[in-house]
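The next block holds one structure in the form of structure tokens; read it before the comments.
Please treat every number below as a calculation from the coordinates, not as lab data. These numbers were taken from a predicted model, which means no experiment stands behind them. Every residue, glycine among them, receives a Cβ derived from its backbone with ideal geometry; neighbour counts consider all protein chains shown.
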Amino acid sequence: MVSVSLRDWLETGMFGPLQFGMSRAQVQELLGPPADTSARPPNRPFRTVWKYGDVELHFSAEGSLSLVFLDHFVVPSCGGALVLDPWVVQGGMARTALEKQLDESGIGYHRADSPFDDSTARIVAGPCVELVFIERASLTLLPPVFFPSPVGIDHNPVLPLYPA
């Protein structure tokens, strides 16, 4: 079993023992085979996606781990050899509620401009984890998703959080 704590990820940028740049073989040695896979068109930066429950591991065309992504969940969970401690993260979580938890835990973060549009807000926690919130009217929801930047760009794991 491989344990991953979302709290630790937000604080340190480390998703358990997984490291960006690992090969598919190295990931499979740690986690076993994925529950599901998909392939993307050649013009996309991430060519292969492995799924372990709510966690998606995206691999570049060269076969290296380039992105960890979670979204559309109530409480994030995994499958197989990957065990996920969601800490306080849940789908539909308000940005202010997560900011309060980060403050109380002493986890550094800052707000950043959204690369998407005016209906989203972004927080960068710890050294590199991004959390993207969908803002609707007076409600800011955390649609939990974590993803780093593509290979060749600064590795910024992003946790976009979408309502369930």
### Query
For segment 52-59, in order, what is each residue's ³J(HN,Hα) by Karplus, 6.51 cos²θ - 1.76 cosθ + 1.60 with θ = phi - 60°, in whole Hz (x at glycine and Pro)?
10, x, 7, 8, 10, 10, 9, 10
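If we count every other residue with Cβ under 13 angstrom of GLN101's Cβ, Lys/Arg +1 and Asp/Glu -1, where does the sum land?
Working: positive: ARG7, ARG95, LYS100; negative: GLU11, GLU99, ASP103, GLU104.
Here the charged neighbours net out to -1.
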### Exposure proxy ranking, count of Cβ atoms within 10 Å, fewest first, for GLU56, GLU104, GLU99
GLU104, GLU99, GLU56
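Using the Cβ atoms and a cut-off under 11 Å, what net charge is assigned to the surroundings of SER5, where Lys and Arg are +1 and Asp and Glu are -1?
Values: positive: ARG7; negative: ASP8, GLU11, ASP85.
Net of charged neighbours comes to -2.
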### Task
In nm, give the distance between the simple-model label positions of SER77 and ALA35, each being 7 Å from the Cα along the Cα-to-Cβ direction.
0.8 nm
### Task
Counting other beta carbons within 10 Å of each Cβ, put VAL2, VAL68 in order, fewest first.
VAL2, VAL68
### Query
Check ALA94: other-chain or 5+ apart residues with amide H under 5 Å from its amide H, H built from backbone geometry?
LEU142
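Can you order the peptides 15-25, 84-94 by their average number of other Cβ atoms within 10 Å per residue, highest first? Present the calculation step by step, with values, prior to reporting the outcome.
Details: 15-25: 15.7, 84-94: 18.6.
Order by mean packing, descending: 84-94, 15-25.
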### Task
Determine ³J(HN,Hα), in whole Hz, for all residues of segment 25-37 in sequence, where each value follows from phi through the Karplus function 6.51 cos²θ - 1.76 cosθ + 1.60 and θ = phi - 60°; x replaces Gly and Pro.
4, 5, 5, 5, 4, 6, 10, x, x, x, 6, 7, 9
